[in-house]
Every structure is written in C-alpha cells, then in structure tokens.
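Novice: A single structure is presented below for examination.
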C-alpha cells in the first residue's frame, strides 16, 4: 500500500471522527463504528480503526494498556506512540502478549484487530430447533436495515418493548411506523417510565456516555415525537411501564427480535436475535407482550397490581 501523505492522514482522521460522532448519536456499538471506518476508509487497518472508533489518541491507548498491566500486578510496558503507529500501519506485528492486552483493551477478538482468522463455526441444527431465523452480534447498519424492512412489510402487528431505542424516532423509522399505523396496522410501543426508579437503576450501570440518561431530555427527544405520532394515528399507541427489563422485544407480524441489555455497556452493544413463529423461544417472548397487553387493559390484574406493577398510556 502506498504511503499516506500527512494531508491525506488528516482527512482520514477527520472522516473517522465524523463516523464516530454519527455512531454516538445513533447509539451504535463500537464494533460497528470500527467496521464503518474500515469500509469507508480502506487505507485504515483494523487496529487503527478500533482506536479511532473509540476516539482515543495513541498516547491514551498506551496509558490504558499500562493501566491493564498495573491491574494485573505487572510492570507497565510504556509503549511509545511510534511503536503503536507501526502496529496500526501494519509495519510491525506486536507480540502475542501485547495482542492479548490490545484485545482486552478493545474488548474484542484478535481476528477483529487484524491478527489471525476466526475459525469458529455454528451448528445449524440446534439454531433451527430454537427457531432462530436471523442474528446480529450488535446493533449495526445491517440490523437497522433489517428492522426497517420488517416494519415496512408489516401487515398484522408491530409491538416494541424496552427502554425504547432512540432509533424509533429517527427520520428513517418514525415515518415507517406512522405509515403502517395509517394503513391500519396496530403499532404499540411500551417504554419504561422516564422517572421510575427502575430506569434510574438501569442507567446507573450504563456507560458514562449513555446519551438518554436524563429523563427530561429523553422525554423531549424521544417521547414527544412518539406521542405526537400517536395523536395523528388511532392505531399508534404508547404505554409506559415501571419495572426493570433485561432485553427489548420487537414483535413484527410473526417474528420476534430480541436485544439483550448487558451491564456496563450500552444496549446497542448487545446481540440481536430474531425468532420465527415456530418454537418455544418465540412463544416465551410473545407471551411477555401478551402479559403487557393484559396489564394495560386491566390495571387491577393480580398478583401484579398489588406489587405496584403498572402499564398505562403515556402521559407527558
């Protein structure tokens, strides 16, 4: 590969920053941002892409690696920026110990950083038995396109449950939801009450950069647009709930997408698995939604009512 000029390097870093900021606004996982940087900037090798996706300088990377060594009770290597630069440009390969620490720093596998290949395979039969029809390792442009396609094709129902993703009010998605509601397809969104203790507890374990931790901002930027959409369409309904949740469910016709919520990480970093209408997993997920519907219809539904569990229409 031809040597990149200083001017070109500046252009690369500026574009990488634009991609990173777009990923932060959309709540994309760091993995997806790194992939986008490599797709749009072919001059960038994987190791550098991961650093740019995190928004770190080489000095910051070196300091973070030192901290990992110190946490293990080892003498920090004090890797200099020039060495990191040669690794990132593919001019030199770090030793296996350094690769291990780079993987720990970026929370990924060696092959994702450009060192080796992923040879893991998947046994198809047990996935078929579970009813899995699609899966994504984290929220990505591909998983978002899949969601848009499913919404556009919906004919019977759209039920969305969880903390409620920022993406639902994105210019690419909210018009699709409204179009389905206008066509008579029931669209129901169950969102955690912005001021309930469960949401506060959830955001205690979200990363510091979680963009919607402030309930007032969340209400203004997410709930108000959803509420206005529900006012425009009878088939578009919004409910709040006040209990913890560990995953999101998107039921669209006869498929159920589930997104897992981890600890110390954003929800969009969790895997997304789609189940078809056959099998116990689909039944388990959709039964959760039928339970929510019952709570919304019958506030005195026991034993949940006496435990303070509430599902009610959104009121701003």
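The values are calculated or read from the model by the stated rules, or taken from the named source; none is laboratory data. This structure is a prediction, so every number in the text was calculated from the model and none was measured. Using ideal geometry, Cβ is built from the backbone for each residue, glycine included, and neighbour counts are taken over all protein chains shown.
Novice: What are the residues in region 252-292 that are in contact (Cβ under 8 Å) with a residue 60 or more places away in the chain, under 17 Å from the mean Cα position of the chain (by Cα) and not in a helix (DSSP H, G or I), if any?
Specialist: Answer for region 252-292, where residues must be in contact (Cβ under 8 Å) with a residue 60 or more places away in the chain, under 17 Å from the mean Cα position of the chain (by Cα) and not in a helix (DSSP H, G or I): 257, 259, 261, 266, 270, 271, 272, 273, 274.
Novice: Among 186, 175, 137, which is the only one that is closer than 25 Å to residue 24 by Cβ, modelled with pLDDT of 95 or more and out of contact with any strand residue (DSSP E or B) (no Cβ under 6 Å at 6 or more places or on another chain)?
Specialist: Details: 186 fails: closer than 25 Å to residue 24 by Cβ; 137 fails: modelled with pLDDT of 95 or more.
Result of the check over 186, 175, 137: 175.
Novice: Could you tell me whether region 118-132 includes any residue that is touching a helix residue (DSSP H, G or I) at 6+ places or on another chain (Cβ under 6 Å) and outside the structural domain of residue 251 (by TED's automatic domain parsing)? So that I can check it myself, show each step before the final result.
Specialist: Our first condition is that a residue be touching a helix residue (DSSP H, G or I) at 6+ places or on another chain (Cβ under 6 Å); within region 118-132, this holds for 118, 130-131.
Retained after the next criterion (residues that are outside the structural domain of residue 251 (by TED's automatic domain parsing)): 118.
Yes, some residue in region 118-132 is touching a helix residue (DSSP H, G or I) at 6+ places or on another chain (Cβ under 6 Å) and outside the structural domain of residue 251 (by TED's automatic domain parsing).
Novice: Now, a different point. Can you spot a residue in region 212-223 that is exposed (fewer than 14 other Cβ atoms within 10 Å of the Cβ), assigned to a loop (DSSP other than H, G, I, E, B), assigned by TED's automatic domain parsing to the domain that holds residue 254 and in contact with a helix residue (DSSP H, G or I) (Cβ under 8 Å, 6 or more places away or on another chain)?
Specialist: To start, the set of residues in region 212-223 that are exposed (fewer than 14 other Cβ atoms within 10 Å of the Cβ) comprises 214, 216-217, 220.
Next, only the ones that are assigned to a loop (DSSP other than H, G, I, E, B) stay: 214.
Now drop any that are not assigned by TED's automatic domain parsing to the domain that holds residue 254, which leaves 214.
Now restrict to residues that are in contact with a helix residue (DSSP H, G or I) (Cβ under 8 Å, 6 or more places away or on another chain): none.
Checked against the condition, which is being exposed (fewer than 14 other Cβ atoms within 10 Å of the Cβ), assigned to a loop (DSSP other than H, G, I, E, B), assigned by TED's automatic domain parsing to the domain that holds residue 254 and in contact with a helix residue (DSSP H, G or I) (Cβ under 8 Å, 6 or more places away or on another chain), region 212-223 yields no hits at all.
Novice: Please indicate, with yes or no, whether at least one residue in region 68-78 is touching a residue at least 24 places away in the same chain (Cβ under 8 Å) and within 25 Å of residue 19 (Cα to Cα).
Specialist: Initial filter on region 68-78 (touching a residue at least 24 places away in the same chain (Cβ under 8 Å)): 68-69.
Subset that is within 25 Å of residue 19 (Cα to Cα): none.
No; the residues of region 68-78 include none that is touching a residue at least 24 places away in the same chain (Cβ under 8 Å) and within 25 Å of residue 19 (Cα to Cα).
Novice: Just checking, which of 47, 28 is assigned to a loop (DSSP other than H, G, I, E, B), in contact with a helix residue (DSSP H, G or I) (Cβ under 7 Å, 6 or more places away or on another chain) and crowded, with 22+ Cβ neighbours inside 10 Å? Step through it out loud before you land on a result.
Specialist: Values: 47 fails: assigned to a loop (DSSP other than H, G, I, E, B).
Among 47, 28, only 28 is assigned to a loop (DSSP other than H, G, I, E, B), in contact with a helix residue (DSSP H, G or I) (Cβ under 7 Å, 6 or more places away or on another chain) and crowded, with 22+ Cβ neighbours inside 10 Å.
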